[in-house]
Amino acid sequence: MEMEFVSRMPQPQELIRDYPVSAEAKKKKAQRDRQIADILTGKDRRLLLIVGPCSADREDAVLEYARRLADLQPSVSEKFLIIPRVYTNKPRTKGIGYKGMLHQPDPRKEGDLLSGIIAIRRMHIRVVEETGFSAADEMLYPSNYSYLSDLLGYVAVGARSVENQEHRLVSSGLGVPVGMKNPSAGDINVMMNSIAAAQSPQEFIFRSWEVHTPGNPLAHAVLRGYVDNFGRSHPNYHYENLLGLLRLYQDSGLQNPAVIVDANHNNSGKEYLEQIRIAKDIMHSRSINGEIRNLVKGLMVESYLEDGSQKVGENIFGKSITDPCLGWEKTKKLIEDLAEIE
């Protein structure tokens, strides 16, 4: 085998033992889990707002951002339940470049996965204990979910992973909602098949064990736009796209039809300021069609403390080192404006 075995990673139960979460934080997470589930099943008519940086690159800036969200939450609580994006894995199309805090707890240094797994657990603990939020993270590596299973309130399966069998099967055994993004080429049927697999009971090998899962009824769609054969971005958040997804859901027999719309990525063509217009457009679609209102359960917005993005090493506090994001002031105004839309 042409691999160098660098260091043994701790077992999830070892890391959970060494970096435990408080009883109060466990209670907060359980309460949040119920609220998120109620929104996705339609018992709670509010919307989920999954908002935060493209990549959680440093603990201090992420905590400052999460505290601001926590301060904002009470004023919009009748309309939104906010879930902070604390994405610690960064998928790379070519497999090179910065891969997130899991790989590089300090983006200016070489990769260190052992330190990274500790750093991301510690950061997620601080988010829930200091703000009361259970965060969202992307499941780039299915086996790593176990290190955060007692902390996460929401899991995303990305456009590059959604067709992968292991991601689908592991999603069927998670105790929290899983958002399945449409693949980067845009085939919605691939996403629907992924949701069907995640909602079904499964048997497979996971972390050297034979496991059986009950199926995850809270697996659902995430629309994020797509790229054509010429590399051009195309949106799939429009009224007609939402109606088309609704018809697919109606024909599928899947449980809890739901979609979260990602206002960035190929929906915005990675023009981060377009997220403002797109988010309002989605709310308008909900306002004029009751079926779409019932289907659309929330929005994803990429946002950080500062507008735009920077290169690694520029050291502007709270400015993305990956995709550009909305800054805090624009984000706060957008959330307040969205809360006023019927």
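With respect to (1) closer than 14 Å to LEU334 by Cα; (2) out of contact with any Ser or Thr (no Cβ under 7 Å at 6 or more places or on another chain); (3) among the hydroxyl-bearing types (Ser, Thr, Tyr), the lone exception for TYR249 is condition (1). The residues in segment 256-277 that are closer than 24 Å to ASP337 by Cβ, in contact with a helix residue (DSSP H, G or I) (Cβ under 7 Å, 6 or more places away or on another chain) and assigned to a loop (DSSP other than H, G, I, E, B) can be counted, and the count is 4. For beta carbons closer than 8 Å, sequence separation of 6+ or different chains, a first residue in segment 115-143 that is part of a loop (DSSP other than H, G, I, E, B) and a second that is among the basic types (Lys, Arg), the qualifying pairs are GLY132/LYS28; GLY132/ARG32; PHE133/ARG32; SER134/LYS28; SER134/LYS29; SER134/ARG32; ALA135/ARG85; LEU140/LYS90.
Inspect segment 94-111 for any residue being surrounded by fewer than 23 Cβ atoms within 10 Å (Cβ to Cβ), out of contact with any strand residue (DSSP E or B) (no Cβ under 9 Å at 6 or more places or on another chain) and at pLDDT 95 or above and give the result as yes or no.
Looking through segment 94-111, none of the residues is surrounded by fewer than 23 Cβ atoms within 10 Å (Cβ to Cβ), out of contact with any strand residue (DSSP E or B) (no Cβ under 9 Å at 6 or more places or on another chain) and at pLDDT 95 or above.
If a residue has to be closer than 28 Å to GLY290 by Cβ, out of contact with any Lys or Arg (no Cβ under 9 Å at 6 or more places or on another chain) and surrounded by 16 or more Cβ atoms within 10 Å (Cβ to Cβ) to count, how many in segment 15-40 make the cut?
Summing the residues that are closer than 28 Å to GLY290 by Cβ, out of contact with any Lys or Arg (no Cβ under 9 Å at 6 or more places or on another chain) and surrounded by 16 or more Cβ atoms within 10 Å (Cβ to Cβ) in segment 15-40 gives 3.
Condition check: surrounded by fewer than 24 Cβ atoms within 10 Å (Cβ to Cβ), over 16 Å from GLN73 (Cα atoms), in contact (Cβ under 8 Å) with a residue 24 or more places away in the chain and of a type in the set (D, E, K, R). Does ASP323 satisfy that? So ASP323 passes the test. Looking only at segment 285-318, residues that are touching a Lys or Arg at 6+ places or on another chain (Cβ under 7 Å), touching a residue at least 60 places away in the same chain (Cβ under 8 Å), among the hydrophobic types (A, V, I, L, M, F, W, C) and surrounded by fewer than 20 Cβ atoms within 10 Å (Cβ to Cβ) come to 1 in all.
Given LYS90, LYS99, which one is in contact with a Lys or Arg (Cβ under 8 Å, 6 or more places away or on another chain) and touching a residue at least 60 places away in the same chain (Cβ under 8 Å)?
Working: LYS99 fails: touching a residue at least 60 places away in the same chain (Cβ under 8 Å).
One residue alone meets the criteria, LYS90.
Identify, please: which residue in segment 144-163 is in contact (Cβ under 8 Å) with a residue 60 or more places away in the chain and of a type in the set (S, T, N, Q) and is, among those, nearest to PRO177 (Cα to Cα)? For segment 144-163, the residue satisfying everything is SER149.
Yes/no matrix, rows are residues, columns are (1) farther than 21 Å from GLU302 by Cβ; (2) among the basic types (Lys, Arg):
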position	(1), (2)
GLN104	no, no
LYS109	yes, yes
VAL127	no, no
PHE133	no, no
SER143	yes, no
ASP150	yes, no
GLY158	no, no
VAL162	no, no
MET180	no, no
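Answer yes or no as to whether SER161 is closer than 24 Å to LEU246 by Cβ and either within 17 Å of the chain's Cα centre (by Cα) or not acidic (Asp, Glu) (or both). Here the answer is no, as SER161 does not meet what is asked. The set of residues from segment 39-64 being under 16 Å from GLU78 (Cα atoms) and small (Gly, Ala, Ser) comprises just one member, GLY42. Checking each residue in segment 144-163 for being polar (S, T, N, Q), closer than 21 Å to ILE96 by Cβ and not in a helix (DSSP H, G or I) picks out only SER161.
The values are calculated or read from the model by the stated rules, or taken from the named source; none is laboratory data. Small disclaimer: the values here were computed from a predicted structure and weren't measured. So basically every Cβ, Gly included, is an ideal-geometry build from the backbone, and we count neighbours across all protein chains shown.
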